[in-house]
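These notes concern the structure reproduced below.
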Amino acid sequence: MSELVAEQFDDLAQQTEADTLGMWAFLATEVLFFGAMICGYCVYRLLYFTAWHRGSLVCDNFRWLGVGSGGWNTAVLLTSSLTVAIGVRAAQLGHNRTLSLMLSLTLILGIAFLAIKAAEYTHEYHEGVVPGYGVFHPDDEISADLRRDAARSHMSEVVLRRQFQLFWVFYFFMTGVHALHMLVGIGLFTWLLMETRRGRFTPQKHAPVELMGLYWHFVDLVWIFLLPLLYLVR
Amino acid sequence: MASIPFIPEYTVEIYLNERHTVASWLLTKDHKRIAVLFMISITILFAIGGSAAVIMRLQLLTPHSTLVEAETYNKLFTLHGVVMVFFFLVPSIPATLGNFLVPLMIGARDLAFPRLNLASWYLYISGSTLALTSLILGGVDTGWTFYTPYSSTFSNTHVILAITGVFIVGFSSIFTGLNFIVTIHKMRCPGMTWFRLPLFIWSMYATSIIFVLATPVLAITLALVALERILGVGIFDPALGGDPILFQHLFWFYSHPAVYIMILPGMGVISELITCYSRKSPFGYVFIAMSSLAIAVLGFLVWAHHMFVAGISIYGGLVFSMLSFLVAIPSAIKVFNWTSTLYKGSIQLDTPMLYALGFIGLFTIGGLTGLFLATLGVDMHVHDTYFVIAHFHYIMVGGAVMAYMGGLHFWWPKITGKLYPEVWGRVAAAILFLGFNLTFFPQFILGYLGMPRRYYAYAPEFQVYNVMSSCGASILAIGYLLPFAYLLWSLKYGKPAGNNPFKAAGLEWTTASPPPKHNFLKTPIAGEPYAYHEMDFSDV
């Protein structure tokens, strides 16, 4: 017993409850972390409607089999949440082989998400929409669209392009921070998988699995907000 | 074995002599040792921030540039603001007294996450090192608010380094807050129900909520400023298509609640001091506890009162003005309840009590002038003048720092096992009170007459008040140096304190001073808090 419970706790139940509350409090911090970005996004979306509308259209035009990269990523990520949920249940029941399998599947899906994201970033780099001094020069097709948008809404093309660039600042910042959270998650799942292989988790003590489950669902949930904001809003 | 100077000899086994190596301190997971580490670190930072203020006050003795150039002056007030706000006031009471006392007061062996607690100190050290590096490389001149577009486009100083320091230290706060929330929820000893919690714990809880919910917004905002500076894209710079007002909204969404991060712990300390030195349970315990939570919640709804002249809409201004007035209600509840607690108490004017009474007076002045500033019309007149400076120094120095000093004296015997010299304590408290008022009261008048803040020179007719203020500052400096000297002295020569030298209620006084490694030899059982009516004071 003494090995299972850290010295500051009375018993395992107290330790598990404390760990769980700690994760929820951390996720509350994370909500405000992403909340600030989403707030900034909404402000500029309303201020610079035309330019950001074009941003969403360009964002959504990286497609495979007719489905946008955002759609593919949503499918991958939601499936990974399912595998995590099954993994948590397996840990509760002490089915370590299922747990290992589910953790491995989650890892594969997480890496798949990042691979799709990387392909998308590369595509956007070639379109010239990566923001930054000297990097940002949208290709001819996008430039023509922007010129048309500017003429239609009686705006200066220079101003519109600047606002269009701001869309990409937020796009890369928000998806980048999200991807960073995915990377951290993948690292921790690798550790969980190793611990599972060593037989460290029992139906009595498997708090790390449960907590990683919470974390992963949260990262999933953030994506559920990013998808409509960045790709679907018209 | 390398032993650490200033640590006195103890005959019994306590947290200080459990092991002696430097590594045993730098890798400790004991909340008491981490509190001591924080105490040393924030004292150093306080001295740095204070030195900047000394140079500023010297410069302002005369109306024209005599000591430093305009640019140097800008860097000085930025240094003073950044260091004092982010590296001293925000962590001051929570990371030192809070770290030490939260587990002791609720009868726990340690905080819920000791390793996270240590990480929090290392983040603090990394953040402050970065910020101080920016100082050594030439300083930052943006003001502690890092207002855009100046900070993101125009300033040629080491903004990114300073911002990174503040960003990192933010996570130190988040970890402390998270640890306190979980500890208070899950680790109370038998008998310690929510409404038996010491009022200090309630204020720590309210503070932690702000830590967890406000700090991430600052982190993101500063990250965006850094991004704008590095990439040259317009996020907040209007010339590049950004919106500087958005920066101010996001910045104050953290930085106004941060004001309550600074004052709420102080209020918690005062509640403990007032009850102990009037030998009474607090008047209206539930009201004091709930007003802490009310301040924490209302604190999130008032940020735009910093922006009345920044071009926000008049209706927005009206709403934020009214919401700001609301904060006065829970604050006044506290002040009235403390004074009612004094009524018919056996009041003992020891050093901590002198600080507590000083706090009540100074906080009241600071709070009431806050109402002037929350009034739209008056704010137009005094915005960005010394009136604002005086107002928030009454809250932060007259309030938060006085409370920190009072709490430091009160729990010093518990932390070190030694008594501080009482006479010197009272002298220092009186000097601090006088020096403080002489420094900052003239600034109210200066501000009302129209002297703007953040200028290295001023019109000659303001000189009288500025000389008064600078004189006060030198008295204030003595008031800080004196406790520094006699508290260090007491480590070696102070009388042994015994478990409960002040006959105070509270679980922390039932264990040894200094406490053993696991705080209590046997898990305590909590009864009613503040049971002063059951205690025998015939020998006091």
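I'd like the FRET efficiency for A:S104 and B:I230, computed as 1/(1 + (r/R0)^6) with the beta carbon distance as r and R0 of 35 Å, rounded to 0.05.
E(calc), rounded to 0.05, equals 0.40.
Net charge within 14 Å of A:L193 by Cβ-Cβ distance, Lys/Arg positive one each and Asp/Glu negative one each, not counting A:L193 itself?
In short, +3.
What's the local net charge at B:L264, with K and R +1, D and E -1, over the other residues with C-beta under 14 Å away?
That works out to 0.
Of A:F172, B:I174, B:I93, which is farthest towards the positive pole of the protein assembly as shown's charge dipole, taken about the Cα centre with +1 and -1 on the beta-carbons of Lys, Arg and Asp, Glu respectively?
B:I93
Going by average Cβ neighbours within 10 Å, how do the peptides A:60-73, A:7-20, B:271-284 rank, with the highest at the top?
Highest mean packing first, the order is B:271-284, A:7-20, A:60-73.
Residues of A:26-36, mean number of Cβ from any other protein chain within 10 Å of their own Cβ, rounded to a whole number?
6
Does segment B:1-127 come out rounded, prolate or oblate by the C-alpha gyration tensor, with a ≥ b ≥ c the root eigenvalues, rounded set by a/c under 1.5 and, if not, prolate when a/b is larger than b/c and oblate if not?
Since a/c reaches 1.5 and a/b is larger than b/c, the shape of segment B:1-127 is classed as prolate.
Between B:A23 and A:L65, what is the spin-label point distance in nm, taking each point 7 Å from the Cα along the Cα→C-beta axis?
If labels sit at B:A23 and A:L65, their model points lie 5.7 nm apart.
Compute the separation of the alpha-carbon centres of segment A:191-219 and segment A:1-53 and state it in Å as a whole number.
18 Å
Under 13 Å from the Cβ of A:L160, count the other residues' Cβ atoms, weight Lys and Arg +1, Asp and Glu -1, and hand me the total.
+3
Under the rule of at least 5 residues apart or a separate chain, name every residue whose amide H is placed under 5 Å from the amide H of B:K418.
B:A497
Rounded to the nearest 0.05, what FRET efficiency do A:H217 and A:T50 give with R0 = 56 Å and r taken as the Cβ-Cβ distance? Could you check?
0.95
Between rounded, prolate and oblate, where does segment B:333-412 land on the alpha carbon gyration tensor, with a ≥ b ≥ c its root eigenvalues, rounded for a/c under 1.5, else prolate if a/b exceeds b/c?
It is oblate, given that a/c is not under 1.5 and a/b is not larger than b/c.
Stretched out fully, how many nm does the piece from B:K495 to B:R454 gain, at 0.36 nm a residue minus the Cα gap?
Extending this stretch completely gives an extra 10.1 nm.
Given axes a ≥ b ≥ c from the Cα gyration tensor, I'd like to know whether the protein assembly as shown is rounded (a/c under 1.5), prolate (a/b larger than b/c) or oblate.
Oblate.
As an exercise, use a Förster radius of 60 Å and the Cβ-Cβ distance of A:A85 and A:Y133 to find the FRET efficiency, rounded to the nearest 0.05.
0.85
At what distance in nm do the modelled label points of A:C39 and B:K522 sit from each other, each positioned 7 Å from its Cα along Cα→Cβ?
5.1 nm
Mind checking the full-extension length gain between B:A430 and B:L326? Use 0.36 nm per residue of separation minus the Cα-Cα distance, one decimal, nm.
Net length gain for the segment: 34.2 nm.
Sort out for me the Cα centre separation of segment B:105-175 from segment B:52-73, rounded to whole Å.
Using only Cα atoms to place each centre, the spacing works out to 26 Å.
Can you tell me how much longer the chain between B:L293 and B:L58 gets when fully stretched, taken as 0.36 nm per residue apart minus their C-alpha distance, in nm with one decimal?
80.5 nm
No lab work stands behind these numbers, since they all come straight from the coordinates. Since we're looking at a predicted model, the values are computed, not measured. All Cβ positions, glycine included, derive from the backbone under ideal geometry; neighbour counts span all protein chains shown.
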